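Asks: Mind having a look at this structure? Questions to follow.
Every number in this text was worked out from the coordinates using simple rules, so none of it is lab data. Since the model is a prediction, treat every value here as computed from it, not as a measurement. No Cβ is skipped: glycine too gets one built from the backbone with ideal geometry, and neighbour counts run over all protein chains shown.
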Amino acid sequence: MTDAKRQPAKITNTDFDWTRAVVEWHCPWFKVERNGSWYRSVPRPGVVAVPYSGVLGGSDCRFVLVRQPRPAVSMNTLEFPRGGIDPDEDQIRAACREALEETGFPCDPGRARVIGRVAPDTSGSAVVVPVIAVPANLSRRFATDGEASAVEILSTAELMRAVARGEIACGLTLSALMLIHTHASAS
């Protein structure tokens with residue numbers, strides 16, 4: 001069939017009923033499901049933690065980011081901590097745990113809050129990641145899990161300059177920054 005004669009796939013309401021999906025492949029990090037002619041990847045649930053000190057998004061706010069080696073994109077990226085949600089924890093506790101493991105700074109789960117959700121790949125992935133602002137105690141620091149190559153504390157202005165210089169390429173981190181800006185503007 002030539003491209004001129006190819007018809008786009010018709011989408012029906014049953015195409016989005018993933019309860020009937022068949023798992024085609026899986027590993028510890030994600031699985032691939034098929035529903036008729038549609039496929040999607042389903043990763044392990046995760047969170048983005050935004051460790052900060054001060055008024056979130058304010059001029060005195062300081063953010064804690066990590067440098068992460070990301071071989072898939074051949075970069076050492078500057079990004080907010082993120083990771084999976086363990087079976088025995090909720091998303092707030094997962095965000096605080098990830099922030100502590102990657103930065104060494106403890107966070108207060110009682111003051112943490114979801115500031116939005118990000119769907120980084122709406123075309124083929126079932127992931128929707130909560131972005132959680134976690135107030136960090138920058139006066140106490142513990143050992144990290146060694147996953148990050150460096151921990152950096154940046155003011156709001158320094159963070160914006162890092163974005164302008166192209167130092168932040170992580171889509172989840174850039175989306176989190178937009179959510180922070182939106183919340184700060186609405187306050």
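Asks: Return the total of residues in the stretch 159-187 being farther than 12 Å from Glu79 by Cα and surrounded by 14 or more Cβ atoms within 10 Å (Cβ to Cβ).
Replies: Number of matching residues: 5.
Asks: Could I ask something else about it? With the stretch 97-160 as the region, which strands (runs of 3 or more DSSP E) entirely inside it contain at least 2 residues that are touching a Lys or Arg at 6+ places or on another chain (Cβ under 6 Å)? It would help to see each step written out before you state the result.
Replies: On the way: elements: 113-118, 129-135, 150-155.
Correct list: 129-135, 150-155.
Asks: Here are the criteria: (1) among the polar types (S, T, N, Q); (2) under 27 Å from Ala133 (Cβ atoms); (3) in a strand (DSSP E or B). Tell me which single one Ser41 does not satisfy.
Replies: It fails just one condition, (2).
Asks: Which residue, of Pro81, Pro109, Pro130, is closer than 21 Å to Gly57 by Cα, in contact with an Asp or Glu (Cβ under 7 Å, 6 or more places away or on another chain) and of a type outside the set (A, V, I, L, M)? Don't jump to the end; show me each part of the working.
Replies: Numbers: Pro109 fails: in contact with an Asp or Glu (Cβ under 7 Å, 6 or more places away or on another chain); Pro130 fails: in contact with an Asp or Glu (Cβ under 7 Å, 6 or more places away or on another chain).
That would be Pro81, the only listed residue that is closer than 21 Å to Gly57 by Cα, in contact with an Asp or Glu (Cβ under 7 Å, 6 or more places away or on another chain) and of a type outside the set (A, V, I, L, M).
Asks: Suppose we filter the stretch 154-170 for residues that are of a type in the set (Val, Ile, Thr) and either touching an Asp or Glu at 6+ places or on another chain (Cβ under 8 Å) or under 18 Å from Leu138 (Cβ atoms) (or both); how many remain?
Replies: In the first step, residues of the stretch 154-170 are kept if they are of a type in the set (Val, Ile, Thr); the result is 156, 163, 168.
In the following step, the residues that additionally are either touching an Asp or Glu at 6+ places or on another chain (Cβ under 8 Å) or under 18 Å from Leu138 (Cβ atoms) (or both) were identified as 156, 168.
The total comes to 2.
Asks: Would you call Ala119 touching a residue at least 24 places away in the same chain (Cβ under 8 Å) and of a type outside the set (S, T, N, Q)?
Replies: Numbers: touching a residue at least 24 places away in the same chain (Cβ under 8 Å): no; of a type outside the set (S, T, N, Q): yes.
Answer is no for this residue.
Asks: Residues that are of a type in the set (Phe, Trp, Tyr) and surrounded by 15 or more Cβ atoms within 10 Å (Cβ to Cβ): does the stretch 56-74 have at least one?
Replies: yes
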